[in-house]
Amino acid sequence: MRLSVLLFAMVSACVALGIAAPASQDQDDVRGAFLTSRPKQKAASSSGAASRPSRRRPKSTVTNDPGKTPVKKPANPSGPTTSDKTSDKQSEERKPVNTARIGLGLTLFTRDSNGLAVRVDPEHVFQKGDRVRVLLETNTDGYLYIFNTTNDGPVVMIYPDAQLDEAGNYIKAHIPWEIPSSASDEERLRWLVFDDNPGTERLYFVLTREPLNGVPTEDDLIALCRNSSGSCPFRPTTELWDAIAKEMKEPLKTDKSARISGAQTGPEQQASTRGLSLAKDDPEPSLIMMASSTSLMLVTALDLIHK
């Protein structure tokens with residue numbers, strides 16, 4: 001099975017939600033623990049034209065995100081100033097006692113006969129011509145990588161992409177992100193489309209607190225692909241992929257909604273296209289996965305079934 005993924009201008013890809021990870025455990029606190037860091041109030045909406053938020057890593061080196069380690073400022077050659085000492089003391093006081101578990105929420109949408117995006121069960125079997133889109137949400141700032149295999153073939157990175165989001169892959173906590181984007185100018189770029197070749201594709205979602213070493217992003221990825229004709233697939237080294245595969249063996253706690261139905265809401269669509277946070281009373285992800293410990297990386301593999 002292959003998908004006509006014009007959005008990525010790369011290999012055929014899919015988004016499937018049959019978890020290929022260790023059995024889930026202790027589900028009781030997963031959904032609550034993931035949603036507790038959502039803001040209580042809705043973000044103010046913008047009246048301007050919808051635009052995909054920047055995915056480039058922030059320039060600032062200071063962060064209060066409990067899931068990330070602040071980067072130290074360069075040393076002052078003449079020694080620390082009074083301001084430096086005060087700032088360092090304040091930074092120490094702001095350090096969190098506990099690091100939050102890293103989590104990823106996913107909701108799968110399909111296009112109905114009226115052209116609307118509606119929730120679909122992850123175990124749905126898809127047919128030729130079906131269209132899907134995935135909405136992602138994280139509980140911490142970080143970096144998201146998506147790798148794809150077709151029928152257990154070679155591993156190819158399909159996100160970040162030199163032709164999307166300035167080749168960036170930085171995401172902020174509870175600001176949802178659509179793949180592909182419903183805000184794309186052309187209908188053919190808004191969905192992942194199943195073609196007439198049945199089979200199984202697998203997407204590997206890799207969420208990290210810090211960028212992966214050895215993976216080109218932003219200007220490096222753009223430069224790598226500048227002279228390429230057509231697609232520019234990056235294939236991870238054996239060493240890198242072995243490290244990712246090892247992380248897949250780490251247990252995840254999961255929570256899947258008992259009932260998956262309903263159209264995508266206005267707040268969900270607006271938040272993903274305008275870079276707004278989802279609030280506690282906004283719709284929740286259909287599937288939530290959280291690391292069982294305060295790890296630096298979460299890896300899960302998702303399959304789409306196409307017959």
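The values are calculated or read from the model by the stated rules, or taken from the named source; none is laboratory data. None of the values given here were measured: they were computed from a predicted structure. Neighbour counts are summed over all protein chains in view; Cβ atoms, including those assigned to glycine, are modelled from backbone coordinates with ideal geometry. With ligands, DNA and RNA removed, areas are computed over all heavy atoms of the protein, side chains included. Shrake-Rupley method; radii C 1.70, N 1.55, O 1.52, S 1.80 Å.
Of all residues in segment 106-148, those that are part of a strand (DSSP E or B) and under 20 Å from Arg190 (Cα atoms) total 22. So which residues in segment 210-230 are surrounded by 14 or more Cβ atoms within 10 Å (Cβ to Cβ) and farther than 16 Å from Ile146 by Cα, if there are any at all? Selection gives Ile222, Leu224, Cys225.
For segment 239-278, which positions are among the acidic types (Asp, Glu) and more than 22 Å from Asp112 (Cα to Cα)? Across segment 239-278, the qualifying residues are Glu239, Asp242, Glu247, Glu250, Asp255. The residues on offer are Glu187, Glu239, and the sole one that is closer than 22 Å to Leu136 by Cβ, of a type in the set (D, E, K, R) and open to solvent by 50 Å² or more (accessible area, probe 1.4 Å) is Glu187.
What do you reckon, is Asp303 among the acidic types (Asp, Glu), under 28 Å from Asp112 (Cβ atoms) and at pLDDT below 90? So Asp303 passes the test. Selection within segment 272-294: residues that are open to solvent by less than 30 Å² (accessible area, probe 1.4 Å), of a type in the set (Gly, Ala, Ser) and farther than 30 Å from Gln127 by Cα. The member of this set that is modelled with the highest pLDDT is Ala279. Of all the numbered requirements in (1) of a type in the set (Asp, Glu); (2) closer than 20 Å to Glu201 by Cα; (3) loosely packed, with under 15 Cβ neighbours inside 10 Å, Asp303 misses one, and that requirement is (3). Scanning segment 142-173 for residues that are open to solvent by 10 Å² or more (accessible area, probe 1.4 Å), at positive phi and in contact with an Asp or Glu (Cβ under 9 Å, 6 or more places away or on another chain) returns Asn151, Glu166.
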